Amino acid sequence: MLVNIVYGQFSEDAQKFIRESEPLFKKIALVVDGAFQKMMSSFYVGNVKPKGVDIQMFKTKEEAVGWLKG
């Protein structure tokens, strides 16, 4: 799953979807740009991360997609 939060943050619906989708995803790549998005993503990963799902942050979509395919 690729999540681009460069222009915003996680809505409550997005958070709920990711939490409840644990069996559907093994990896979630977050595209972040800037300190605020990175801070929000770090908080999310630390507090709302689904168990058994690897979540990584990237600055570009290309990096994120490469990791997801790897």
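The values are calculated or read from the model by the stated rules, or taken from the named source; none is laboratory data. In this text, all values refer to a predicted model and were calculated from it rather than measured experimentally. When we count neighbours, we look across all protein chains shown, and the Cβ atoms used for this are built from the backbone with ideal geometry, even at glycine. Calculation scope for accessible area: heavy atoms of the full protein, side chains included, ligands and nucleic acids excluded. Shrake-Rupley method; radii C 1.70, N 1.55, O 1.52, S 1.80 Å.
Taking V45, is it in contact with an Asp or Glu (Cβ under 7 Å, 6 or more places away or on another chain) and at pLDDT below 85?
Considered against the rule, which asks whether it is in contact with an Asp or Glu (Cβ under 7 Å, 6 or more places away or on another chain) and at pLDDT below 85, V45 comes out as no.
Out of everything in segment 24-70 that is aromatic (F, W, Y) and open to solvent by less than 60 Å² (accessible area, probe 1.4 Å), what residue ends up being farthest from S11 (Cα to Cα)?
Once the filter is applied, the top-ranked residue is W67.
Only residues that are among the basic types (K, R) and in a strand (DSSP E or B): list them for segment 22-70, please.
K27
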